[in-house]
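The values are calculated or read from the model by the stated rules, or taken from the named source; none is laboratory data. All values reported here derive from a predicted model rather than from experimental measurement. Cβ coordinates were reconstructed from backbone atoms using ideal geometry, including for glycine residues, and neighbour counts include every protein chain displayed. To get the accessible areas, we keep the full protein, side chains included, count just its heavy atoms, and leave off ligands, DNA and RNA. Shrake-Rupley method; radii C 1.70, N 1.55, O 1.52, S 1.80 Å.
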Amino acid sequence: MFGGYIITVAVTIGIYIILAMSLNIITGYAGQISLGHAAFWGIGAYCSALLSTRLGLPFWIGLPMTIAITALTGSLLAIPCLRVREDFLAITTIGINFVVQAVFLYVPFFGGAMGIGGIRSPFSTSSFFWITLIFVLVCIVLDRWLVTSWIGLALESIREDETAAAISGIDVVRFKVAAFAIGSGLTGLAGHLYAHFMTFISADDFGFPQSIVILSMIVFGGIGTLRGAILGAIILGVAPEIFRPVLDYRTLIYGGLLIFMMRFQPGGILGDQSVLPKLFRMVRQRSPALVRSG
Amino acid sequence: MIWQQFANGLAIGSVYALIALGLTMVYGVLRILHIAHAGVYALGAYVGLLVFRFIPNFWLALAITMVASSFAGIILQRYLYAPLLALPRIVPLIASIGLFIAMEEIFRLIAGPYILAFPADPGLGGIEWGIVRITNNQFLVFLVTVSLLATLWFVMSKTKLGLAMKATSQDLEIASVMGINTERIIATNFLIGSALAGAAGVLVGVYFNSVYPTMGSIPAYKALAIIVLGGLGSIPGTVLGGLLIGLGETLLLGLINIPFPRDALAFIIMIIILMFRPYGLLGKE
Amino acid sequence: MAFLEVRCLTKEFYGLRALDRVDFSVEERKILGIIGPNGAGKTTLFNIISGILRPTAGEIQFQGARINHLKPHQIAMAGIARTFQIVRPFGNFTVLKNVLVGFGHRFYPGLFSSAYRFEKETHLERAREILARVGMETYQGSIAKNLPLGLKKHLEIARALALDPSLLLLDEPMAGLQYEEFEKLAGLIRGLREEGITIVLIEHNMQVVMDLCERIVVLDHGVKIAEGSPEEVRTDPQVIEAYIGQEETVA
Ligand SMILES: Nc1ncnc2c1ncn2[C@@H]1O[C@H](COP(=O)(O)OP(=O)(O)O)[C@@H](O)[C@H]1O
Ligand SMILES: [Mg+2]
C-alpha cells in the first residue's frame, strides 16, 4: 500500500508513541523524572529477542511474556528509585541506563557487542504497520482508562505533592512502583515490536541519548497529556527524516529546537498552559471542565 | 604497581573533581542540573588549543581559557537559565541537554570531527619516586588542580564573598533578605564554576593529548554521578566524590580487570552508595 | 482511655530538641488547643502524629492502638486528617479534584477497586457537599494554585474532611485569613465537633483559641509548660513569661 520507506518510518513512530506514552505515565502523571527510559525499552527488546531466538517462541506468545518480564524488572529497578527523590532520582535513572546498557554490552548471554540478530517476524512489513497501529490504539484506550481511574488520581496527586498525597491516604511507595510497572510494561510492548520489526538489536539502540529523545518527545508535546506525548513522538520521530537533506546540521537543529521550545513554550506544544490549547479552548468557547483541568 | 595505579587514579579523579565542582556550585545556588557544563569544559579545551596554536605557551593558554569559559558561563546563566528558574525543574534540564547537544555539534562543524593533538609542554618534568613514576602530565594535573582547589577553598572559607556564596547556597531567599546581592552571587558561581571547567578541559586535552567534539559526553554524566555521590551542592563532598570515582575506576579496572566499562562503574558505585545514603556522602536532607 | 494520647513524645533534629517529653491527651468530641511561640514545636507535633516524621522517643495511641510506627497513609486511613500551616493543595488540580483524592482511601488499597472511575456522580455529589460546608461550592472548577490564600486554607480543610476523619488536626487555620472570616471558620469548626469529630487546633489568635477550646496545651521550646482550661492557661505566670517579647500577646 505505501512504500517500504514510509512504512518503516511509520512503524518507528508508532513504537516511539508507545514509548512516549509509557514515559508519560511515569514522568508526566506520577511526576517521577526518568532519564533512563531507554533502559526499560532495551530490557523489553532483549527479553523479546531472547525468547524468540533461544526458545523459538512465536510472536504472540512472546508478547505477554515480554510485557510481564519487563514490568517486573521495571518495578525491581524502581526500588533504588524509591529511596531517592527529585534530582537524585533523575541521576539514579541515568545510572540505571548506563548500567543496563553495559550489561547488554559485556555479558555474553546478551550477545555482547554483536547484539542479537535473526529474530523472525511472522508478518510482512505492511501488516506490521497495521499491528503497530492497533497496539497504539490499545495503548491510547489504556491511557484514557488510567487517567480516569483511582490509580491515575493517586499518581497525579503524588506528582503534585507526595506528602499531601500520603496524608490523604495514598500509599506513595506502592503507587510509584505501580507507575514504573505500568510504564515499563508498555515499554516491554515497544521493545517486542522493535525487536521483531528490526529483527536485529544491539546495546547501542538503548543508550542514554535514546532516553533523552523519548523524554524530549513528551516535554516537547506537552508533558502530562496524552495528546502531547503522541504529537511529540510524531514530530521528533519525523524530524530526522525531514532534515535528512541537511544531514550535517540535523543534530544541531535538534538541540536548538529543544532550547527554543523550553525558552518560549516550556509547557510543550500541546501542554495545558500553552498557546495552541488556549486558542483551541477559546475557539470552542467551551465552559471549563469541572473536574479535569484540560 | 598499585602505587602507580594510585597515582593514575588520583590524576583522573582530581580532574573529575574539577569538572564536577562547577556543576555542584551551580546546583548549590540554582538547583538545576547544568548538563551543558560539560560543553563549557569542551569549549575550554578548544579555546586553550586555539590560543596555544598562536602562542605556544601552556600557562597563557590556561589563563585565557579560564577567562573565556567564565564568560561563556555567565552568558548561559543570564540568557538561558535565568528566564527558566521559576518553571518546573525538567524545563531547565531539557534546555541544558539541548544546549549541550548543540554545543557538541558546533564544535564538530567548526573544528571538524577529528581528534586534535594538544602537545603542550608546561616544562615541569616528571618525578621518579621509587617504583612510582609521576609523569610530566600527571604532575601538571596535580599542580594545577591542587592550586585551583586551594584558591577555591581560600575564597570560600576566608573571604566575605565566599561567606555570601555559602549563605546563598544554603537558602537563596534568606540570603537576599540578609542583604546579599544574590544575582551577583549566582553569576559568581557560574563564573568560578565555568572557569574551573575550562581549566579542566585544557588539562584533559593536554593529559591525553587530544581534543575532540564529544570529549564532554562522558564527563557530563560522570560528573552527575560524582556530585550526587558528594551530596548535590556540597563542595567538599564533590572533591571527595571525584577522587573516589577516579581511584575506584582505575583501581578496580587496573587491578581486578573486571570486564566492565569504566563509565558504568561510576554509576554502580553511585547507586550502591545512594542506597545507604539517599542524600549522598556529605549531603543533608 | 483517651481518644488520642501522646506520651513522653520527644523529637530531635540534629541534636536540637524540637519536642521534649510532651504528654497530653484529647477526649473524644472535644477541641484541644495547642498554643506556643513560633518554633515551639507545634507543627512538629502534628508531623509526628500524622506519620510524616518519626519520633525520637515516646508513643502515640489513637483509640487505644499505638500508631507512631504507621505510615502517613495508614494513619489517614485510621481516621486522622490534617491541614498544613503552609498550605499544600494539589496545585494543578481543580478544587473538586482536590477533594476527590480524599475519597480514594476506600479504593486505593485494592488492585481492582483502584481501577474504577473516580468521577462517579455519587463521589462528585459528596465532594460538592463538602465544598459547600467550607463555603467553596462556587469554586469547584478553579485550579487550586490560582486561589487566594484564604480559599486555599479552606480547601485544605475540605480535603481533610473528604477522609471522613474522626480526628482532625488543624495547623493555624486562621493565619492569613481576613478578620471577617474568623467567625465563619470558628462556626465551621464548632459544627464539625457537633458532628462528632475530635479536633486539635494550633492557633495563634488567642481570642479564637479561648473561644473554641475546652482545654489548651502550651508548648515553649518543645516543652509543655502549661495545660488546662482557657481560664487557667490565660492566668498562668509561666505562659505569660513565654509570650513576653512575642508579638502575639495574650489577649
Ligand atoms: N524537618 C526539620 N528539620 C530540622 N529542624 C526542624 C524541622 N522541622 C522543624 N524543625 C525545627 O524544630 C523547631 C520547631 O519547629 P515547628 O514545629 O515548626 O514550630 P512551630 O510550629 O511551633 O512554630 C524549630 O526550631 C524548627 O526549626
Ligand atoms: Mg508551625
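Tabulated values for the structure
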| item | result |
| --- | --- |
| Percent carbon-and-sulfur accessible area, segment A:143-294, ignoring ligands, DNA and RNA, probe 1.4 Å | 67 |
| Packing-based order for B:261-270, B:187-196, using average beta carbon neighbours within 10 Å, highest first | B:187-196, B:261-270 |
| Longest exposed-site-free window of chain A, the sites being trypsin sites (Lys or Arg not before Pro) in a DSSP loop that have at most 13 other C-beta atoms within 10 Å | A:121-285 |
| Contact order relative to length of chain B, as percent, for alpha carbon pairs under 8 angstrom and 6 or more apart | 37 |
| C-alpha center-to-center spacing [segment B:49-107, segment B:162-205] in angstrom | 15 |
| Helix C:149-161 vs. chain C, principal-axis angle (Cα, 0 to 90°, nearest 10) | 80 |
| Average beta carbon contacts from partner chains per residue of B:264-273, 10 Å cutoff | 5 |
| Span from the segment C:61-133 Cα centroid across to the segment C:152-168 one, whole angstrom | 8 |
| R0 of 22 Å, Cβ-Cβ distance residue C:21-residue C:229: FRET efficiency to nearest 0.05 | 0.45 |
| Calculated P(r) of chain C - Cα pairs past 24 Å, % | 47 |
| Average silhouette area of chain A, convex hull of alpha-carbon atoms, in square nanometres | 16.5 |
| Computed helical MRE - 222 nm, chain A, DSSP H runs ≥ 4 contributing -39500 (n - 2.57), nearest 500 | -23500 deg cm²/dmol |
| Against the rule of thumb 2.2 N^0.38 Å, how large the Cα Rg of segment A:115-180 comes out | 1.70 |
| Filtered chymotrypsin sites (Phe, Trp or Tyr not before Pro), segment A:1-76: DSSP coil and at most 13 other beta carbons within 10 Å | A:2 |
| Ranked by how many other beta carbons lie within 10 Å on average, peptides C:78-84, B:50-56 from highest | C:78-84, B:50-56 |
| Neighbouring partner chain Cβ atoms per residue of C:78-88, average, 10 Å criterion | 2 |
| Compactness relative to 2.2 N^0.38 Å, alpha carbon Rg of chain B | 0.98 |
| Debye-sum result for the protein assembly as shown in log10 I(q)/I(0), which assumes one identical scatterer on each alpha carbon, at q = 0.07, 0.09, 0.10 Å⁻¹ | -0.62, -0.98, -1.16 |
| Inter-centroid distance (Cα atoms) of segment A:203-248 relative to segment A:61-135, Å | 18 |
| Exercise: per-residue mean of other protein chain Cβ atoms within 10 Å, C:64-73 | 3 |
| DSSP bridge pairs, the protein assembly as shown: antiparallel proportion in percent, nearest 5 | 60 |
| Translational diffusion of segment B:156-285, µm² s⁻¹ [Kirkwood Rh, Cα pairs; Stokes-Einstein; 25 °C; 0.890 mPa s] | 148 |
| Charge dipole (debye, nearest 20) of segment C:89-163; +1 at Cβ of Lys and Arg, -1 at Cβ of Asp and Glu | 160 |
| Segment C:163-227: GluC sites (Glu not before Pro) in DSSP coil with no more than 15 other Cβ atoms inside 10 Å | C:195, C:214 |
| 10 Å binning of all Cα-Cα separations within segment C:113-192, expressed as whole percents from 0 upward | 16, 49, 28, 6, 1 |
| Segment C:5-60: chymotrypsin sites (Phe, Trp or Tyr not before Pro) in DSSP loop, at most 14 other beta carbons within 10 Å | C:14 |
| Between 0 and 90°, nearest 10: helix C:121-133 axis offset from chain C longest Cα axis | 30 |
| Cα-derived Rg over Rh, computed across segment A:13-154 with Rh taken as Kirkwood radius | 0.98 |
